[in-house]
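Novice: Mind having a look at this structure? Questions to follow.
The values are calculated or read from the model by the stated rules, or taken from the named source; none is laboratory data. What you see is a predicted model; the values in this text were computed from it and never measured. Cβ coordinates were reconstructed from backbone atoms using ideal geometry, including for glycine residues, and neighbour counts include every protein chain displayed. Side chains included, ligands, DNA and RNA excluded: accessible areas come from the protein's heavy atoms. Shrake-Rupley method; radii C 1.70, N 1.55, O 1.52, S 1.80 Å.
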Amino acid sequence: MSISNGQLAAIKVALFLLCLLPLAWLGWGAWQDALGPNPIETIQRDLGIWTLNLLVATLCVTPLRRMSGWAWLGRLRRMIGLFAFFYALLHFLGYVWLDQFFDWNAIAKDIFKRPFITVGFAAFVLLIPLAATSNRFAIKRLGGRRWQTLHRAVYPIAIFGVIHYWWLVKRDVATPALYALAVLFLLGLRALWREQERREQLAGKYAPQQPPRLRSRIIPIVSRRD
Amino acid sequence: MMHILPSEITPAQTYFDRRKFIGAAGALALSGLLPASAAAQSLIARKSPLSVLETPTPRDDIVNYGNFLEFASDKHGHVERSKLMAVRPWTVTVEGLVAKPRRFAIEDLLKLPLEERIYRHRCVEGWSMVVPWVGFPLSALLNQVEPLGNAKYVEFISHVDPAIMPNVRRQLLDWPYLEGLRMDEALHPLTLIAVGLYGEVLPKPNGAPLRLVVPWKYGYKSAKSIVSIRLVEHPPNTVWMKAVPDEYGFYANVNPGVDHPRWSQAKERRIGEFFKRTTLPFNGYADQVASLYAGMDLRKFF
Ligand code: HEM
């Protein structure tokens, strides 16, 4: 299914609003004092959960595109990824402000001493270059291959995000385990496809002059028309 | 060993006072239709000098936020689910290394002289509240059964009912919930059996009909909905020590200087406050209880 530019623009607007919904919900809840007896915890947790949800969503884009054949899906990925970063940033600022109240000493100690904070922080730091290079200019400067290699960092980021969650729950790891399954499945799918392509290549399916099909997986996040 | 419970026979007074009894029965029947707060039975309690002078956390927050792990893993799922728990009739056995083991009916315990004790409550997760409990010192109960000389520890066992407790069905912990105290901790005047909150019978989410409250220890020590109290010679292997021995120790004294392996215990978020406050050693009860642990390495005995 291919769609017109106008349709894509409409989908992007809808997705933009959808991604803002969790934040709007929190804002409304805070305004109405409806976030429960421990509103700061609710805010911190919701922001963390939505960071993770959006990370998982970015990982869904490629498989969905491949299976559906809808190339335009790939052009939604940048927005989802940037929103993941946006929620991670709010989650981190929430921690710095509401949780630690700018006690940099305690924050530094936490980052080095508490494994769950260490991996969360690693995930967040790794997201920064991805967010910073999520534009046409950066793709041009880096070149598609290098840009893509860099953006594969989203794989460890998602894994770190899940570990962060796993390590912070007191006893019941049922929810983090669900996220772990989702991430493992999405990454496993990629490994599987990669292996299949490697085999096909080895079997001489591609003529030497032909670019290997692997390259076709470099889908710029913005098309030349944008 | 067990004798007939007062609640199992009809006391003469009730028999002769049928009018009142019928009225009470009517009220009970009606109570099923009313929201919990309206149905709650109020308790007469005298104010205790052991109360802290801090402002109690609002009742709604105390009832709707907390851990009752049998029912839910989050901080609020237990509120709805615990409504299915029947808290009458209810009995508690007090047995083990005692001269006079006994089974108490909750009605009898409610007749003991009750006190209102406003205590700080600090959860191992880093949040805290100020709770106006109603109850009696645990020692008042233990003295009735006459502990033997070799009774060194007290074990508390909570109610289990897989039918209404999802995390019991899932075996999230090695149920029943089991906690323990050293004998001197158990007999300490601050150690309370709570049967009420805010002047009324204990709400189910808070561990109705009776629970332990040890205000200088992390909340998980204070077992809810207790059905059995046993005096034993050896340290009980508590439910949390069985599950995660390196994170949850037997003592669990509130200690800002000893972190949980995964997070800091230096600060706490008092429910209702915006910024965190510093956690006090023994949750602010050091003057009263620190001597119990004189000479002990509190890092080792966490
Ligand atoms: C990509 C990065 C991150 C992801 C995906 C993430 C995700 C999450 C998730 C899913 C939760 C649990 C929510 C719940 O229990 O329902 C959480 C909690 C938490 N996160 Fe993160 N996080 C990230 C980065 C960070 C960073 C950088 C910090 C601080 C330096 C941090 C600090 C915390 C804290 C303190 C909590 C616990 C909140 C509480 O228990 O009240 N996270 N995070």
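Novice: Please note which strands (runs of 3 or more DSSP E) are completely contained in segment B:69-154 and include at least 3 residues that are under 28 Å from residue B:247 (Cα atoms) and modelled with pLDDT of 95 or more.
Specialist: B:115-122, B:127-137
Novice: Moving on to the next point. Limited to segment B:271-302, what total is found for residues that are over 22 Å from the mean Cα position of the chain (by Cα) and open to solvent by 60 Å² or more (accessible area, probe 1.4 Å)?
Specialist: Number satisfying all stated conditions: 15.
Novice: Answer yes or no as to whether residue A:71 is crowded, with 20+ Cβ neighbours inside 10 Å, among the aliphatic types (A, V, I, L, M) and in contact (Cβ under 8 Å) with a residue 24 or more places away in the chain.
Specialist: No; evaluated as a whole, the condition is false for this residue.
Novice: Under the condition of being charged (D, E, K, R) and in contact (Cβ under 8 Å) with a residue 60 or more places away in the chain, which residue from segment A:112-171 is surrounded by the most Cβ atoms within 10 Å (Cβ to Cβ)?
Specialist: Filtering first and then ranking leaves A:136.
Novice: Of the residues A:25, A:50, which single one is touching a helix residue (DSSP H, G or I) at 6+ places or on another chain (Cβ under 7 Å), within 30 Å of residue A:185 (Cβ to Cβ) and modelled with pLDDT of 95 or more?
Specialist: Working: A:25 fails: touching a helix residue (DSSP H, G or I) at 6+ places or on another chain (Cβ under 7 Å).
The conditions single out A:50.
Novice: Of B:298, B:231, B:292, which residue is over 18 Å from residue B:120 (Cα atoms), assigned to a loop (DSSP other than H, G, I, E, B) and more than 13 Å from chain A (Cβ to nearest Cβ)?
Specialist: Being over 18 Å from residue B:120 (Cα atoms), assigned to a loop (DSSP other than H, G, I, E, B) and more than 13 Å from chain A (Cβ to nearest Cβ) holds for just one of B:298, B:231, B:292, which is B:298.
Novice: Which condition number in (1) in contact (Cβ under 8 Å) with a residue 60 or more places away in the chain; (2) open to solvent by 70 Å² or more (accessible area, probe 1.4 Å); (3) touching a helix residue (DSSP H, G or I) at 6+ places or on another chain (Cβ under 9 Å) is the one that residue B:267 fails?
Specialist: (2)
Residues are listed down the side, and each one gets a yes or a no for (1) assigned to a loop (DSSP other than H, G, I, E, B); (2) more than 8 Å from chain A (Cβ to nearest Cβ):
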{"position": "B:250", "(1), (2)": "yes, yes"}
{"position": "B:257", "(1), (2)": "yes, yes"}
{"position": "B:265", "(1), (2)": "yes, yes"}
{"position": "B:268", "(1), (2)": "no, yes"}
{"position": "B:274", "(1), (2)": "yes, no"}
{"position": "B:283", "(1), (2)": "no, yes"}
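Novice: Mind checking whether some residue in segment B:176-192 is of a type in the set (Phe, Trp, Tyr), touching an Asp or Glu at 6+ places or on another chain (Cβ under 8 Å) and farther than 28 Å from residue B:294 by Cα?
Specialist: The answer is yes, given that some residue of segment B:176-192 is of a type in the set (Phe, Trp, Tyr), touching an Asp or Glu at 6+ places or on another chain (Cβ under 8 Å) and farther than 28 Å from residue B:294 by Cα.
Novice: Right, next: For segment B:242-251, what are the residues that are touching an Asp or Glu at 6+ places or on another chain (Cβ under 9 Å) and open to solvent by less than 70 Å² (accessible area, probe 1.4 Å)?
Specialist: Of everything in segment B:242-251, those that are touching an Asp or Glu at 6+ places or on another chain (Cβ under 9 Å) and open to solvent by less than 70 Å² (accessible area, probe 1.4 Å) turn out to be B:243, B:251.
Here's the yes/no breakdown for (1) surrounded by 20 or more Cβ atoms within 10 Å (Cβ to Cβ); (2) within 14 Å of another protein chain (Cβ to nearest Cβ):
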site	(1), (2)
B:76	no, yes
B:82	yes, no
B:88	no, no
B:101	no, no
B:127	yes, yes
B:156	yes, no
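Novice: Identify all residues within segment A:163-181 that are more than 8 Å from the ligand (Cβ to nearest atom), β-branched (Val, Ile, Thr) and assigned to a helix (DSSP H, G or I); write none if there are none.
Specialist: A:163
Novice: Does residue A:104 meet the test of being more than 15 Å from residue A:157 (Cβ to Cβ) and more than 14 Å from chain B (Cβ to nearest Cβ)?
Specialist: Taking the combined requirement at face value, the residue satisfies it.
Novice: Here's a follow-up. Of A:55, A:73, A:93, which residue is away from chain B (no Cβ under 14 Å), near the ligand (Cβ under 10 Å from one of its atoms) and farther than 27 Å from residue B:275 by Cβ?
Specialist: Working: A:73 fails: near the ligand (Cβ under 10 Å from one of its atoms); A:93 fails: farther than 27 Å from residue B:275 by Cβ.
On inspection, the qualifying residue turns out to be A:55.
Novice: Can you tell me which residue in segment B:55-68 is surrounded by the most Cβ atoms within 10 Å (Cβ to Cβ), limited to those that are within 25 Å of residue B:160 (Cα to Cα) and more than 7 Å from chain A (Cβ to nearest Cβ)?
Specialist: Applying the filter and picking the extreme gives B:68.
Novice: Consider residue B:205 carefully, then state whether it is closer than 18 Å to residue B:88 by Cβ and within 14 Å of chain A (Cβ to nearest Cβ). So that I can check it myself, show each step before the final result.
Specialist: On the way: closer than 18 Å to residue B:88 by Cβ: yes; within 14 Å of chain A (Cβ to nearest Cβ): yes.
Taking the combined requirement at face value, the residue satisfies it.
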